[in-house]
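Student: Right, I'll just put the structure down here and ask away after.
The values are calculated or read from the model by the stated rules, or taken from the named source; none is laboratory data. None of these values were measured; they are calculated from a predicted model. No Cβ is skipped: glycine too gets one built from the backbone with ideal geometry, and neighbour counts run over all protein chains shown. We work out accessible area using only protein heavy atoms, side chains counted, and drop any ligands, DNA or RNA first. Shrake-Rupley method; radii C 1.70, N 1.55, O 1.52, S 1.80 Å.
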Amino acid sequence: MPVAAVMVSRGEVSLFEGYFGRYLGGDPLAHDSYTIDPEIAPATPQTLFDLASLTKVLATTPLVLQLVDEGRIALDSELGEVLEGLASRTARLTIDELLTHSSGLPALPDLWQGTDPDLPDPDKLHRKLYGIEPVAEPGTQIIYSCTGFIFLGELVRKLRKMDLPAIFDEFSGREQTASFALGYRPPPEKRNLCAPTEWCPWRRRRIAGEVHDENAYALGGAAGNAGLFGTLPAVHAHILSVWGGTLGISDRRARLKPATVRTATAPRKTLSLGASLQDRPVGSPERRGLGFQLAPKQWRRTTGLSSAAFGHTGFTGTSFWADPASGLLITSLTSRLYYGREQSSAGLHAYRAKLFRSALEKYSSP
């Protein structure tokens, strides 16, 4: 991977912060342009990464749970109570089923396929989305579903009557000025700080400063499953500000009720995988919190994480794990897609395993 950034902390005490690699330059329209541009600076605390599915637990999950805290919805509320025009079986899905990936909805909705990336048609995309139904009986298995989180993003947008970027900015308390460090849709003047991702045949260019996920891009660059960009310091700080109560951090500006944070990061559903996920085959037991993956047994053996650890990964190479047993938060942001998704898949898993194991071995003891 051309660029990576890693931060480790215990509570609010920073233990390690490192930046590795250099932005890759060349012609963004050239598929085989892999040369390192000496004019471009190495990765720094200002480097913006496409956070991919970290969006699910940095934005969508807390935004949904904030509505629960306010009494606007409940975990057993049905999606159809808020969104109109859904397919009948989808309308009966609960917020809990969507957050725990137990809704039975398909993993990917492929809304973008058959569309022109330069001529978006939001109305057509939403009609296509609202026609999607579960492919498995709800509550019987775990199918990690971007589709479900796109629906949750729609729910938040409908209840708040604003678009997702504005809702997230308000929630996170970050004004998107020239100091943009975490949010949707980086401004054009920050594009040179964005770590590029993959050559996209659909868009006919290398992606930099716009969301890699095709469905999120088709939906305007901001969706419930993907779209956030952030620097390492801003991402790490945001995780601590929202979920740090589990690591012994008391924040008087806490955005969610302490009981809500505990519920979200504790085992909520344990079911078998209905579709393979990373290195785990169909049928493997999967523990889910609300939005979060809870460390699987094999991952705990590989890394040393405790059974209380929770975290998430992103397709672009981003990930974090928080472990209440040790108080550690380990955040890793990379741009692993530059050389192609197939070429980097196995290497990414090995990198993550070694990184988290090394961090836990070095920093677990105060």
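Student: Averaging the inverse of every distinct alpha carbon separation and then flipping it gives the Kirkwood radius. What is it for region 52-99, in angstrom units?
Tutor: 11.3 Å
Student: To the nearest µm²/s, what D does Stokes-Einstein give for region 196-309 at 20 °C and 1.002 mPa s, using the Kirkwood radius over alpha carbon pairs as Rh?
Tutor: Using the Kirkwood radius from Cα pairs, D works out to 126 µm²/s.
Student: I've got another one for you. Any chance you could check the Cα centroid distance between region 293-332 and region 66-92 for me, in angstrom?
Tutor: The two parts, judged by their Cα centres, are 30 Å apart.
Student: Based on alpha-carbon positions alone, could you give the equivalent ellipsoid semi-axes of region 257-366 from the gyration tensor, as √(5λ), descending, whole Å?
Tutor: Semi-axes (√(5λ), whole Å): 22, 19, 13.
Student: Still on this structure, I have one more. Just the number please: accessible area per residue for the chain, 1.4 Å probe, all protein chains included, in Å².
Tutor: Value returned for the chain: 41 Å² of accessible area per residue.
Student: Over region 136-180, what lengths in whole Å, largest first, do the semi-axes of the equivalent ellipsoid take, defined as the square roots of 5 times the eigenvalues of the alpha-carbon gyration tensor?
Tutor: Semi-axis lengths for region 136-180 are 30, 12, 7 Å.
Student: Provide the packing ranking of 155-161, 304-310, i.e. peptides ordered by the mean count of other C-beta atoms within 10 Å per residue, highest first.
Tutor: Sorting 155-161, 304-310 by mean packing, highest first, produces 304-310, 155-161.
Student: For the chain, what is the convex hull (Cα atoms) projected area averaged across all directions, in square nanometres?
Tutor: Projected area, direction-averaged: 16.9 nm².
Student: Same structure, new question: In what sequence, highest mean first, do 117-127, 68-78, 350-360 appear when ranked by Cβ atoms within 10 angstrom?
Tutor: Highest-to-lowest ranking by the protection proxy: 350-360, 68-78, 117-127.
Student: Filter the GluC sites (Glu not before Pro) in region 124-178 down to the DSSP loop ones having no more than 16 other Cβ atoms within 10 Å, then list what survives.
Tutor: Those that pass, being in a loop and sparsely packed, are Glu175.
Student: For Lys124, list the lysines whose Cα falls under 25 Å from its own Cα; do not include residues on the same chain fewer than 8 positions away.
Tutor: Once the sequence-local lysines are set aside, what remains near Lys124 is Lys56, Lys158, Lys161.
Student: Next question. Using the charge dipole of region 176-296 (Lys, Arg: +1 at Cβ; Asp, Glu: -1 at Cβ; taken about the Cα centre), state which of Gly230, Leu256, Gly220 has its Cα farthest towards the positive end.
Tutor: Of the candidates, Leu256 comes out farthest on the positive side.
Student: So if we plug the beta-carbon distance of Glu189 and Asp118 into 1/(1 + (r/R0)^6) with R0 = 30 Å, what FRET efficiency do we get, rounded to 0.05?
Tutor: Calculated transfer efficiency: 0.85.
Student: Indicate the gyration tensor shape class of region 95-140 (rounded, prolate or oblate), computed on the Cα atoms with a ≥ b ≥ c the square roots of the eigenvalues: a/c under 1.5 is rounded; otherwise a/b larger than b/c is prolate and the rest oblate.
Tutor: It is prolate, given that a/c is not under 1.5 and a/b is the larger ratio.
Student: Can you send over the carbon and sulfur percentage of the accessible area for region 154-205, probe radius 1.4 Å, protein chains only?
Tutor: 53 percent
Student: With +1 on each Lys and Arg Cβ and -1 on each Asp and Glu Cβ, and nothing else charged, work out how big the dipole of region 245-357 is about its Cα centre, in Debye to the nearest 20.
Tutor: It comes to approximately 300 debye.
Student: For region 144-165 and region 343-360, write down the distance between their C-alpha centroids in whole Å.
Tutor: 31 Å
Student: If the only charges are +1 at each Lys and Arg Cβ and -1 at each Asp and Glu Cβ, what is the size of the charge dipole of the chain around the Cα centre, to the nearest 20 debye?
Tutor: With only Lys, Arg, Asp and Glu charged at Cβ, the dipole is about 980 debye.
Student: Right, here's the next one. How large is the dipole of region 305-366 about the Cα centre if only Lys and Arg carry +1 and Asp and Glu carry -1, each at its Cβ, rounded to the nearest 20 debye?
Tutor: I would put it at about 120 debye.
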